[in-house]
Amino acid sequence: MRQPWTRLARSALAATFGTAARLRHGRPLHPSGLVLDAHLRLHGTARRWGAAFLDERMDLRGTARLSRSVGVPWPLPDILGIALRWRQDDTTADLLLATTGRGPAGRRLLRPATRWTGLYTSLFPYQAAGGRLLLGALLHTPAALPATPGALAGAAGHGPLVLELLVADPSGPWRLLGQAHLTGPATPDAERPMRFNPLRHPIPGVRPAGWPNDVREAAYVAAQSASDQDGDKEGDAGWRRERKAARSSPANSAGSCQAAKWLPLPSSLK
């Protein structure tokens, strides 16, 4: 049974996000992004977490979407986001990450950034058989890449971008559990934004946990309902067509298969 303050928070957040979605004719946050192909290669950590995604070797294919949250113009800082989607155990899994601080307290706080390079975390906790945890990723780019769609598309056109996938106890050190290649060509999805929902599409064996996820569920429902009423009912069909057309374009294929350089986990995150 939900506590009264949880119900109040859900109602307030739902009203806020629903109104924002109607005013922006679609998404209240992350209104447009760049979509890339994602190849996840997992090897687990020395610790067992009680979920295949965190403990076993896996080779998964999916999609990544990188975006600015509010959409203010660069060089103003913005909350940056990385959304991942893949197929695992015949089901769809979504993971949402955003720029946060690095330390045990900072990883619970959103952090505006001006460059794509850096740390992204789930912010909200997850639950596996071994207990509560946070998920994260460290994005490596050829240089300290400005947080603009053009800079990101240009970098992806010259070779894969590298995500180091991380897991940690809520207040513990980050542990490297795998990597992901993000490969171009990068496709804008401003007209038909992809929808991600880790509550509706949880990672098998790793489920969102706690009251923060209960509260944000109301925001997702309200925002997506408002978006549907505004005419965005195509779901993911539009971006699939765009990705297919982009991959078939000879002009966009050069350099997309260059080898990426794996980098060690910075000591500041250990």
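From the list R207, R175, which residue is out of contact with any Lys or Arg (no Cβ under 8 Å at 6 or more places or on another chain) and either over 18 Å from L123 (Cβ atoms) or open to solvent by 30 Å² or more (accessible area, probe 1.4 Å) (or both)?
One residue alone meets the criteria, R207.
Report yes if S122 is open to solvent by less than 60 Å² (accessible area, probe 1.4 Å) and within 19 Å of M58 (Cβ to Cβ), otherwise no.
yes
Quick one: which residue in L152, L133 is open to solvent by less than 10 Å² (accessible area, probe 1.4 Å) and modelled with pLDDT under 95?
Sole residue among the options that is open to solvent by less than 10 Å² (accessible area, probe 1.4 Å) and modelled with pLDDT under 95: L152.
Being at pLDDT below 95, open to solvent by less than 10 Å² (accessible area, probe 1.4 Å) and within 24 Å of G103 (Cβ to Cβ) is true for just one of P198, P212, P170. Which residue is that?
Being at pLDDT below 95, open to solvent by less than 10 Å² (accessible area, probe 1.4 Å) and within 24 Å of G103 (Cβ to Cβ) holds for just one of P198, P212, P170, which is P198.
Could you count how many residues in region 64-92 are within 15 Å of A186 (Cα to Cα) and of a type in the set (S, T, N, Q)?
Count: 1.
The values are calculated or read from the model by the stated rules, or taken from the named source; none is laboratory data. Quantities reported herein were computed from a predicted structural model and do not represent experimental measurements. Please note: Cβ atoms are built from the backbone with ideal geometry, for glycine as well, and neighbour counts cover all protein chains shown. Surface areas here come from the heavy atoms of the whole protein model, side chains and all, with no ligands, DNA or RNA. Shrake-Rupley method; radii C 1.70, N 1.55, O 1.52, S 1.80 Å.
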